[in-house]
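Engineer: I'd like to ask some things about the structure below.
The values are calculated or read from the model by the stated rules, or taken from the named source; none is laboratory data. Everything numeric here is computed off the predicted structure, so don't read it as measured data. Cβ: placed from backbone, ideal geometry, glycine included. Neighbour counts: every protein chain shown. All accessible areas refer to the heavy atoms of the entire protein, side chains included, with ligands and DNA or RNA removed. Shrake-Rupley method; radii C 1.70, N 1.55, O 1.52, S 1.80 Å.
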Amino acid sequence: MARQEKKRDVVIVGLGWTGSIMGMELCNEGLDVLALERGGDRDTVPDFQYPQVADELKYGVRYGFMQKPRKSTVTIRRSESETALPYRHLGSFLPGDGVGGAGMHWNGHTFRPMQEEFELKSYVEKNFGKDLISDDMAIQDWGISYKELEPYFDRFEKVAGISGYAGNLNGEIREGGNPFEAPRSDEFPMPPLDQTVDSNMFADAARKMGYHPYHRPSAVASTSYTNPYGMQLGPCNFCGFCERFGCLNYSKSSPQTCILDALKRKENFEYRTNAEVLKVELAADGKTAKGVTYIDANGEEVYQPADLVILAAYQLHNVHLMLLSGIGQAYNAATGEGVVGKNYAYQTNGGTALFFKDVDFNPFVGNGSNGHVIDDFAINQIDFGKEGFIGGSYISSGTFNGQPIRSMRLPADTPKWGAGWKEGIKDWYGHSMAIGSHGSNMSYHSNHLDLDPTYKDQHGRPLMRMTFNWKPNDIRMTQFMKSKIEPLAESMNPDIMQSSFKSEGAMYDVRPYQTTHNVGGAIMGTDPQSSAVNKFQQSWDVHNVFVLGASAFPQNIQYNPTGTVGALAYWAVDAIRKDYLPNPRPLA
Amino acid sequence: MKKLIKIVAALAVLGAVAIGAIIFMPFSRTEPLTELPAYYKVPEGHGKYVMRMADCKACHTADGGEPFAGGRPIESPLGTIWSTNITPDPENGIGNYSLDDFRAALYDGVEPDGTHVYPAMPYENYRKMSEEDVRALYDFFMNEVKPVAKKAPETDLAFPFNQRWGLRLWNWFALGDAGHEDFYDDAVLNRGAYLVDSLGHCAACHSPRNAIMAQDGINADDSNYLAGGVIDGWLAPSLHGENSAPAKWSEQDLHDYLTTGRNSHNAVAGEMSQVVGDSLQYATDEDMTAMVTYLRHINGKSPSDTVAVANDKDEDANAAQDETTKLLASADPSMPLGPRLYLDNCNACHFVNGKGADGVFPEIDGNSLVTADTPNGLIDVILNGAVLPSTEKRPARLAMPDFGHRLSDEEVAELATFVRQGWSNDAPAVTADQVAAIRAKTH
């Protein structure tokens, strides 16, 4: 028999970016809010304190801040014909764990999608015809427009304190910014950061080819900054320990630096760590949630009643909890029925490495969001009909990390160990750079999430099963990027150049790190038959459950997801405050 | 010979009579400064506000203890003084105090049974409190504080300081008249002076102590008024004079420092963290403006004066500043240990120019904690780190990590000496023994 705790107005599952935003905004409404975080507590000091946190082996290689597969993982297969196996060693993606979630170990790239991306299906059909969308493809419109979300992007960027330069300010195209971006209503809160050698070389080469380089929008502070909650960031020192680390310097935006100390002051807020939610408990009719059940730090099962349940866990865990709790109908890939688990998508990336004997890149200087970017081959710049694919990429170059172990790029013919390897390191450490493409990934009927029939987690719950593979459309897209990046790289006259782009027949490989941009599974939309949540991130079936985060993306955008995740959270909480709380009901 | 004995005997008798008089003469408490009308009611919320401005909580609450239940050790040169339980518990607290008893404790430092409290309780300052504020405080403690039935530890000082009757003598010497006189024709300045001198009891730390350890400089016309003091080896910097913060900083900087614990130059550390965290952050804008205006006024600044942004230091100081910055920026591996340790430990936030970043990373160059005559505060912060209090306007508990675990006493001494003499700083060197002493004391 589970212990029962005092009922709360709101229970939030997960205390990362979206959980912190919800906590702050709902506490400001006067609600009694409890956040449950499955991992431990984390704060800048002592958990990210200088210099202990700059330990690449512990955190960069051994994943000190990530979820532990023995406690929580998924099973993965590439098609219905394979048997899914547990993801026992982290590789391809790295979900976070603990207060701050993945929002503390990210790099800080904070883009806004193009307006066309929110209406992708309609955009393709209107401009290139329905035939371009293959039968297996499951792309959808989001049910929300860029224009509707714009104020919420602005809000999130001010809270997170983003550095950058607006290329489209209220319709005015400005030199030095991204001319292809959707209009912004305001400047970035901070000016862009200084750039490293590779980033500037790339920008020069791109300019010469007639492209339009701009500074990557960055959740790494270029100056002192105070956000609307009074929280503060200090200027980055380019130590290069962003990705996989908490920031030791109060320079990287995270729930810790931007929200949590302000939230913890509130008397109507409480959070419990090492509290892993097992299930959302539904009322007998299944139309509302009564609360959640979780396992506390002592392993005891606790029933926590609440009027409003916010799923603010990582994308995979949000979908898993919905499947385990029976919120919405589970997706069946064979019949195409059901919505929860459909449209799982990822990110289609590639890159070219350039080696220059005579250039010193000082790779120990960098920051997670360093770099110049071009959007000349982004979604609204490509003739999909002519090129034969749907999608696009941004192309960029910069030094994200100054971490020695993972920053020893070597020519392909260098031995992997021994004297030859040492020789290669001697010759090439600090003499290379890379140009990468970061691209969209479409959704497909066959790429999806469901409950695994075999494997169970430590609490006896079925693991979630991921069925995912690369598809020809996205491979054509990434090959197109290769055809644009290689001439650009060649124009820079490197001594050696080597490319790595997925080619025809490529299969998903879970071992090498690719990106922690897992999306979909509880997608938003305008129709309960084809989406799990409405445009306000509210479950179609259980109206007092809101599901935040990238699980709502119907397919993946060409950009990093956090800016959109943050904007959607502010959008959803605005609807909760203004519309739902006065009259709790399905909002759409 | 006989005569001498007679004289000695006479003196002894006189002395005994005098001591007897000091001990046994009935003590007369200070009367209320004003008679409030019978219908007077404390305005809603005023009691809590006065408590905050007087910062009762900081001393009367132990770390992790119940609010106002006492038990916080106050280190004094005489030994440890334990703060008392001032919750309305009748047995262990002040539940049986009448308003007159309460006022006598605030004004005269006397408990209802005639026991004198040690002047760690700043009744030298609180005796300037208005009757309205005394009433408000009394009302707050009697009605808004939860009684805690727990005895605070007895203060047990060594002889002769355990002879509390001696405090009657001390009081005769140390205490001025009760009440606060309005010196100015300006209501803002009068309010500022009242808050600084009475409730805020700033002089308790920021004025030096005289030969009998009384506050030397309690009124604006005292020569040592707010001229700087030392608390447990930490400098409580001067608030008066050319190099003091109120003279150097802008109105906004002072306002920010006092309400949020941080500004574009510096951040609070040590005892001042509590003052900001428990007290000053709650000051109304009006009251904070009054305090800031007053502190600037006594330094010859009017509200319209802006502080010159240009560095008015002499050329030598500017050259020294550049020299240190260049040395650090050179990253030359052969540089001396002090600057090398700075690069390896401090530079990430405070940067090569020692200027840090506004509101987040304090300046090292020209920082009063860094250049204090007594380096205890600086050593403590290097060894143990420091955390800013969370305040309403700036909630972030920005923290400097501790470096004691990775730096030896010798290294801390080298580093501390470097920052005390780098840029335009010019303070005496720190020795490894000084570091060892602070390490032993704070661990």
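Engineer: For residues that are over 30 Å from A:SER369 (Cα atoms), touching a strand residue (DSSP E or B) at 6+ places or on another chain (Cβ under 9 Å) and open to solvent by 20 Å² or more (accessible area, probe 1.4 Å), scanning just the stretch A:552-588, find the one that is modelled with the lowest pLDDT.
Structural biologist: A:ALA588
Engineer: For B:ASP113, indicate whether it is acidic (Asp, Glu), open to solvent by less than 50 Å² (accessible area, probe 1.4 Å) and over 21 Å from B:ALA203 (Cα atoms).
Structural biologist: No, not satisfied.
Engineer: Looking at this structure, is A:ASN227 surrounded by fewer than 22 Cβ atoms within 10 Å (Cβ to Cβ) and in contact (Cβ under 8 Å) with a residue 60 or more places away in the chain?
Structural biologist: yes
Engineer: Another one. Determine which member of the set A:GLY23, A:GLY14, A:GLY39 is buried (at least 22 other Cβ atoms within 10 Å of the Cβ), within 14 Å of another protein chain (Cβ to nearest Cβ) and at pLDDT 95 or above.
Structural biologist: A:GLY23
Engineer: Okay, next question. Using beta carbons and a limit of 8 Å, which pairs, at least six apart or on different chains, have the first residue in the stretch B:335-349 and in the same structural domain as B:GLU410 (by TED's automatic domain parsing) and within 14 Å of A:TYR50 (Cα to Cα) and the second one open to solvent by 20 Å² or more (accessible area, probe 1.4 Å) and of a type in the set (Asp, Glu)?
Structural biologist: B:LEU341/B:GLU411; B:LEU341/B:GLU414
Engineer: Restricting attention to the stretch A:79-105, which residues are surrounded by 17 or more Cβ atoms within 10 Å (Cβ to Cβ), in a loop (DSSP other than H, G, I, E, B) and small (Gly, Ala, Ser)?
Structural biologist: Across the stretch A:79-105, the qualifying residues are A:ALA84, A:SER92, A:GLY98, A:GLY100.
Engineer: So, one more: Restricting to the stretch B:337-352, and then to whatever is open to solvent by less than 20 Å² (accessible area, probe 1.4 Å) and of a type outside the set (A, V, I, L, M), can you tell me which residue is nearest to the other protein chains (Cβ to nearest Cβ)?
Structural biologist: Among them, the one singled out is B:ASN345.
Engineer: Out of everything in the stretch A:235-250 that is within 9 Å of chain B (Cβ to nearest Cβ), assigned to a loop (DSSP other than H, G, I, E, B) and in contact (Cβ under 8 Å) with a residue 24 or more places away in the chain, what residue ends up being nearest to A:PHE111 (Cα to Cα)? Even if it seems obvious, please write down each step before you answer.
Structural biologist: Step one: of the stretch A:235-250, the residues within 9 Å of chain B (Cβ to nearest Cβ) are A:235, A:237, A:239, A:248-250.
Remaining after also requiring assigned to a loop (DSSP other than H, G, I, E, B): A:235, A:237, A:248-250.
Now narrow it down to the ones that are in contact (Cβ under 8 Å) with a residue 24 or more places away in the chain: A:248-250.
Details: A:LEU248: 24, A:ASN249: 23, A:TYR250: 21 Å.
Going through the qualifying residues, I end up with A:TYR250.
Engineer: Let me ask you something else. Condition (residue is surrounded by 20 or more Cβ atoms within 10 Å (Cβ to Cβ) and assigned to a helix (DSSP H, G or I)) applied to the stretch B:295-310: is it met by at least one residue?
Structural biologist: Among the residues of the stretch B:295-310, at least one is surrounded by 20 or more Cβ atoms within 10 Å (Cβ to Cβ) and assigned to a helix (DSSP H, G or I), which makes the answer yes.
Engineer: Looking at the stretch A:45-68, which of its residues are away from chain B (no Cβ under 14 Å), of a type outside the set (Phe, Trp, Tyr), out of contact with any strand residue (DSSP E or B) (no Cβ under 7 Å at 6 or more places or on another chain) and not in a loop (DSSP other than H, G, I, E, B)?
Structural biologist: A:GLU56, A:LEU57, A:LYS58, A:GLY60, A:VAL61
Engineer: When the residues of the stretch A:261-280 are filtered to those that are closer than 18 Å to A:ALA312 by Cα and within 14 Å of chain B (Cβ to nearest Cβ), which remaining residue is most open to solvent (accessible area, probe 1.4 Å)? Walk me through it before giving the result.
Structural biologist: Looking only at the stretch A:261-280, we keep the residues that are closer than 18 Å to A:ALA312 by Cα, and these are A:263-264, A:269-280.
Now restrict to residues that are within 14 Å of chain B (Cβ to nearest Cβ): A:263-264, A:269.
On the way: A:LEU263: 0, A:LYS264: 72, A:PHE269: 22 Å².
Checked the stretch A:261-280; the qualifying residue most open to solvent (accessible area, probe 1.4 Å) is A:LYS264.
Engineer: Polar (S, T, N, Q), free of Cβ contacts under 8 Å to residues at least 60 places away in the same chain and either more than 14 Å from chain B (Cβ to nearest Cβ) or crowded, with 24+ Cβ neighbours inside 10 Å (or both), is that true of A:GLN232?
Structural biologist: Details: polar (S, T, N, Q): yes; free of Cβ contacts under 8 Å to residues at least 60 places away in the same chain: yes; either more than 14 Å from chain B (Cβ to nearest Cβ) or crowded, with 24+ Cβ neighbours inside 10 Å (or both): yes.
For A:GLN232, the condition - polar (S, T, N, Q), free of Cβ contacts under 8 Å to residues at least 60 places away in the same chain and either more than 14 Å from chain B (Cβ to nearest Cβ) or crowded, with 24+ Cβ neighbours inside 10 Å (or both) - is met.
Engineer: Are any residues in the stretch A:140-158 open to solvent by 10 Å² or more (accessible area, probe 1.4 Å) and over 10 Å from A:ARG112 (Cβ atoms), and if so, which ones?
Structural biologist: Scanning the stretch A:140-158 gives A:GLN140, A:ASP141, A:GLY143, A:SER145, A:LYS147, A:GLU148, A:PRO151, A:TYR152, A:ARG155, A:LYS158.
Engineer: Of all residues being part of a loop (DSSP other than H, G, I, E, B) and of a type in the set (Gly, Ala, Ser) in the stretch A:393-430, which is nearest to A:PRO217 (Cα to Cα)? Just the residue, please.
Structural biologist: Looking at the filtered set, the residue picked out is A:GLY398.
Engineer: I want to confirm something. Restricting to the stretch A:65-78 and keeping residues that are farther than 19 Å from A:GLN514 by Cβ and open to solvent by 30 Å² or more (accessible area, probe 1.4 Å), which single residue is nearest to the chain's Cα centre (by Cα)?
Structural biologist: The qualifying residue nearest to the chain's Cα centre (by Cα) is A:LYS68.
Engineer: Pick out, from the stretch A:445-536, the strands (runs of 3 or more DSSP E) lying fully within it that include 1 or more residues that are acidic (Asp, Glu). First the steps, then the outcome.
Structural biologist: Working: elements: A:448-456, A:462-467, A:496-500.
Qualifying strands (runs of 3 or more DSSP E): A:448-456.
Engineer: Among the listed residues B:GLY377, B:GLY356, B:GLY385, which satisfies the condition of being within 9 Å of chain A (Cβ to nearest Cβ), in contact (Cβ under 8 Å) with a residue 12 or more places away in the chain and of a type in the set (Gly, Ala, Ser)?
Structural biologist: B:GLY385
Engineer: Would you mention how many residues in the stretch A:164-193 are without any contact (Cβ under 8 Å) to a residue 12 or more places away in the chain and open to solvent by 40 Å² or more (accessible area, probe 1.4 Å)?
Structural biologist: Residues flagged as without any contact (Cβ under 8 Å) to a residue 12 or more places away in the chain and open to solvent by 40 Å² or more (accessible area, probe 1.4 Å) within the stretch A:164-193 amount to 3.
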